[in-house]
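J.: Take a look at the following structure, please.
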Amino acid sequence: MEHYKFFTNRDCEFHPCHKTDRINCLFCYCPLYFLDCGGNFKLTEHGIKDCSECLIPHGENGYDYIVRRLMEEADKVKQAHETDQLDQDSSAGSPED
């Protein structure tokens with residue numbers, strides 16, 4: 001295993017924060033929180049995302065999953081930007097009415 005992808009902070013005052021024997025603390029706060037992440041989450045009555053039952057960022061493959069999802073989101077932003085640029089370029093050459 002690449003050690004930068006997984007560590008457990010046993011000194012954390014919240015440890016253990018999830019019900020699992022082995023936990024990765026690298027993504028203590030999940031970078032996918034504001035996305036449709038694919039994890040096991042619920043919305044509270046106030047619309048807050050409750051991820052307490054999700055172990056995606058805390059598992060053995062959490063790092064790879066999160067990096068892949070972030071890259072997918074980055075690609076979406078890049079594509080949207082490129083589409084905006086094409087729209088701007090095509091409208092700049094249009095004659096005015």
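Any read-out appearing in this document is the output of simple, stated calculations on the displayed coordinates, not a laboratory observation. All of these numbers come straight from a predicted model, not from anything done at the bench. All Cβ positions, even for glycine, are placed from backbone atoms using ideal geometry, and neighbour counts span all protein chains on display.
J.: Output the residues belonging to the range 1-19 that are of a type in the set (Lys, Arg) and over 20 Å from the mean Cα position of the chain (by Cα).
T.: Matches in the range 1-19: 10, 19.
J.: Being on the phi < 0 side of the Ramachandran plot and assigned to a loop (DSSP other than H, G, I, E, B), is that true of even one residue in the range 64-84?
T.: Scanning the range 64-84, I find no residue that is on the phi < 0 side of the Ramachandran plot and assigned to a loop (DSSP other than H, G, I, E, B), so the answer is no.
J.: Count, please, the residues in the range 19-35 that happen to be under 13 Å from residue 52 (Cα atoms) and surrounded by fewer than 15 Cβ atoms within 10 Å (Cβ to Cβ).
T.: 5
J.: Which residues, counting only those in the range 1-52, are more than 14 Å from residue 63 (Cβ to Cβ) and outside any loop (DSSP other than H, G, I, E, B)?
T.: Within the range 1-52, 42, 43, 49, 50 meet the criteria.
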